[in-house]
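The structure appears right after this line, and notes come after that.
The values are calculated or read from the model by the stated rules, or taken from the named source; none is laboratory data. Since we're looking at a predicted model, the values are computed, not measured. Reconstructed Cβ throughout: ideal geometry from the backbone, glycine too, with neighbour counts over all protein chains shown.
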Amino acid sequence: MAIVLGDSIVFYLDGVKATLQMDCSLNYTADMIETTNKDSSNVKSFLPGDTSWTMSGSSQLDWADTPNAADIFADISAGTPVAVDMGYITTGKVYGGAGYFTSFSIEGPFNGVGSVAFEIQGTGALDEGTTT
C-alpha cells in the first residue's frame, strides 16, 4: 500500500494547474430517499437519489498568477461556468466537471502570507478521467 501525500493532489481550472496551492478538497454526495413505512418493523430503509459535488481550496495570493482573486471575482459576478479538475499529479487521475464559483475570500494575516480561498458548486456529472 502506498500513501499519497497531499502535495500530490492538485486543482486545475480550465485545464491549467492553479499555482501556489495550499490545499484543495472535493466532496461528492448522494441524497438518500427514505423508504421506511409502517411495515418496516421500526427499521429505516433508503434508496440512493441524486448526487452533487463541490470543490474548494486556497492558494497564496499573487495578483499576477492565473487564476487569481480578480479572475474568481469576475467569474462569480458574471455567473460564468468553469471547467474544474482535481487529481493526483503522479498518475494524472482526476475527477472533474463544470461548476460555478460560489464564494471566494481574501485573507491578509499580520506577519503572514496573503491567501485566497474559493468554493465551487458542480453542475452536472462529476467525471473520472486523466489529465496530462
Kindly establish whether GLY124 is free of Cβ contacts under 8 Å to residues at least 24 places away in the same chain, over 13 Å from PHE11 (Cα atoms), of a type in the set (Gly, Ala, Ser) and exposed (fewer than 15 other Cβ atoms within 10 Å of the Cβ). no
Residue under evaluation GLY99, criteria (1) over 14 Å from TRP53 (Cα atoms); (2) of a type outside the set (Val, Ile, Thr); (3) surrounded by 14 or more Cβ atoms within 10 Å (Cβ to Cβ), criterion not met: (1)
I need the full set of residues from region 1-15 which are in a loop (DSSP other than H, G, I, E, B) and either surrounded by 10 or more Cβ atoms within 10 Å (Cβ to Cβ) or in contact (Cβ under 8 Å) with a residue 24 or more places away in the chain (or both), in order please. VAL4, ASP14, GLY15
From the list LEU20, LEU26, LEU47, which residue is touching a strand residue (DSSP E or B) at 6+ places or on another chain (Cβ under 6 Å) and within 17 Å of GLY92 (Cβ to Cβ)? LEU26
Has region 37-44 got any residue that is surrounded by 10 or more Cβ atoms within 10 Å (Cβ to Cβ) and in contact with a Pro (Cβ under 8 Å, 6 or more places away or on another chain)? no
In region 16-38, residues that are free of Cβ contacts under 8 Å to residues at least 40 places away in the same chain and not in a strand (DSSP E or B) total 4
Restricting attention to region 61-85, which residues are surrounded by fewer than 18 Cβ atoms within 10 Å (Cβ to Cβ) and within 25 Å of GLU128 (Cβ to Cβ)? THR80, PRO81, VAL82, ALA83
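Residues are listed down the side, and each one gets a yes or a no for (1) within 30 Å of THR35 (Cβ to Cβ); (2) touching an Asp or Glu at 6+ places or on another chain (Cβ under 8 Å):
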| position | (1), (2) |
| --- | --- |
| ASP50 | yes, yes |
| PHE73 | no, no |
| ASP85 | no, no |
| THR90 | no, no |
| TYR95 | yes, yes |
| GLN121 | yes, no |
Quick one: ALA78 ticks every box in (1) at pLDDT 95 or above; (2) closer than 28 Å to ASP7 by Cα; (3) among the small types (Gly, Ala, Ser) bar one, so which box is it? (2)
